[in-house]
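Trainee: Just passing along the structure, written as structure tokens.
Only the coordinates and a few stated rules stand behind these numbers; no lab work does. The model shown is predicted, which means the values in this text are computed figures rather than measured ones. Please note: Cβ atoms are built from the backbone with ideal geometry, for glycine as well, and neighbour counts cover all protein chains shown.
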Amino acid sequence: MKVDKLGISKKVGKYIKNALLDMIEHGVEVKLVKNYVHAGVFESFDGLYFVCRITDDIEDWFPIFIHEYCHFQQWKEGKYSLGKWEEYDRNFTKWLGGKIKLSREKGRFYAAKMRAAEIDCEKRTVREIKKHKFDIDIDEYIKHANAYIYSYAVLAEKGRWYRESPGDVPEIFDMMPNKFLTRYDKLPKGYRKLIEGLYKKKKKS
């Protein structure tokens, strides 16, 4: 999909083009698609690829584009991707997908490592938004980010993904702080019960 066909501002379009070019120059396979199982992803452990799901609403997908591009920047810098980090990412992802089995202790270990990488990525994303003065609500973005960061404690226990993003649940979103914290070990009151509800199957009407 061509960036020029997305119907976005010149500033956003220029940022997207430069980001895609940056990744392509580093050997990353990039795709902007309308149909994809995830909102966005950058992976480096089974080849290098970046995918972002595009919708008609720029506010829906552009923050995710920036976030996944920041994961690429982590990889490029080698801070959260080389060596052991690729092992953490690979095994944690496979575990949540039911492809491998892990002990509860190992699951908690991988979850803590991946949470650290996500916190770094979320902070990078906010810095990018501020640097380029994009029309993205920072407080709202951080609240969504915190809902996701907190979820790693529950992921470590469940060993599988929830069926809906925590930040998309109004009750969870409303209880989130609008700033990044130094620790995420203690879950907000009521958070666990709400996110555990995301593992339950929807009742047929």
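Trainee: Divide, for the chain, the radius of gyration over alpha carbons by 2.2 N^0.38 Å, where N is the residue count.
Mentor: Cα-based Rg divided by the globular estimate yields 1.03.
Trainee: Please pull out the direction-averaged projected area of region 153-205, using the convex hull of its alpha-carbon atoms, in nm² to one decimal place.
Mentor: Averaged projected hull area, Cα only: 4.4 nm².
Trainee: Here's another thing I want to ask about it. Relative to the first principal axis of the alpha-carbon coordinates of the chain, what is the inclination of helix 84-96, with its axis defined by its Cα atoms, in degrees from 0 to 90 and to the nearest 10?
Mentor: 60 degrees
Trainee: Find, among the trypsin sites (Lys or Arg not before Pro) in region 103-205, those assigned to loop by DSSP (not H, G, I, E, B) with at most 14 other beta-carbon atoms within 10 angstrom. Please list the in-between numbers first.
Mentor: Working: sites: 104, 106, 108, 113, 115, 123, 124, 127, 130, 131, 133, 143, 158, 160, 163, 179, 183, 186, 189, 192, 193, 200, 201, 202, 203, 204; in loops: 133, 160, 163, 179, 183, 186, 189, 200, 201, 202, 203, 204.
Answer in residue order: 133, 160, 163, 179, 183, 186, 189, 200, 201, 202, 203, 204.
Trainee: Would you please classify the overall shape of region 1-118 from the alpha carbon gyration tensor, given that a ≥ b ≥ c denote the square roots of the eigenvalues, rounded means a/c under 1.5, and beyond that prolate means a/b larger than b/c while oblate covers the rest?
Mentor: Taking the square roots of the gyration eigenvalues as a ≥ b ≥ c, region 1-118 is prolate.
Trainee: Write down Rg/Rh for region 31-98, rounded to two decimals, with Rg from the C-alpha atoms and Rh from the Kirkwood relation over Cα pairs.
Mentor: Rounded to two decimals, Rg/Rh equals 1.00.
Trainee: Shifting gears a bit: Which residues' amide hydrogens lie under 5 Å from the amide hydrogen of residue 39, considering only partners 5 or more residues apart or on another chain, with H built in the peptide plane?
Mentor: none
Trainee: I've got another one for you. Find the centroid of the Cα atoms in region 64-104 and in region 139-205, then give the distance between the two in whole Å.
Mentor: Result: 20 Å between the Cα centres.
Trainee: Would you list the P(r) distribution for region 115-187, with all Cα-Cα distances sorted into 10 Å bins from 0 and each bin expressed as a whole %?
Mentor: Reading upward from the zero bin: 19, 52, 25, 4.
Trainee: Across region 101-110, in residue order, what do the Karplus-derived ³J(HN,Hα) couplings come to in whole Hz, using 6.51 cos²θ - 1.76 cosθ + 1.60 with θ = phi - 60° and x for Gly and Pro?
Mentor: My calculation for region 101-110 gives 10, 10, 5, 4, 5, 5, x, 5, 4, 5 Hz in order.
Trainee: Which one of 93, 55, 182 has the biggest mean-square fluctuation once the chain is modelled by GNM with Cα springs under 10 Å?
Mentor: Ranking 93, 55, 182 by mean-square fluctuation puts 182 first.
Trainee: Same structure again: Kindly write out, for region 66-75 in residue order, the coupling ³J(HN,Hα) from the Karplus curve 6.51 cos²θ - 1.76 cosθ + 1.60 (θ = phi - 60°), rounded to whole Hz, with x marking Gly and Pro.
Mentor: 4, 4, 5, 5, 5, 5, 4, 4, 4, 4
Trainee: Where does helix 10-25 land angle-wise versus the long Cα axis of the chain, in degrees 0 to 90, nearest 10?
Mentor: Tilt relative to the chain: about 80 degrees.
Trainee: Taking θ as phi - 60°, what are the ³J(HN,Hα) couplings along region 36-48 by the Karplus curve (6.51, -1.76, 1.60), each to the nearest whole Hz, with x for Gly and Pro?
Mentor: Couplings: 7, 5, 10, 5, x, 7, 10, 10, 10, 8, 10, x, 10 Hz.
Trainee: Using alpha carbons only, how many degrees (0 to 90, rounded to 10) separate the axis of helix 138-158 from the longest principal axis of the chain?
Mentor: 40 degrees
Trainee: Using Cα-Cα distances under 8 Å and only pairs 6 or more residues apart, what relative contact order does the chain have, in percent?
Mentor: Relative contact order for the chain comes out at 14 percent.
Trainee: Using a basic spin-label model with each label point 7 Å from the Cα along Cα→Cβ, how many nm lie between residue 106 and residue 77?
Mentor: 3.0 nm
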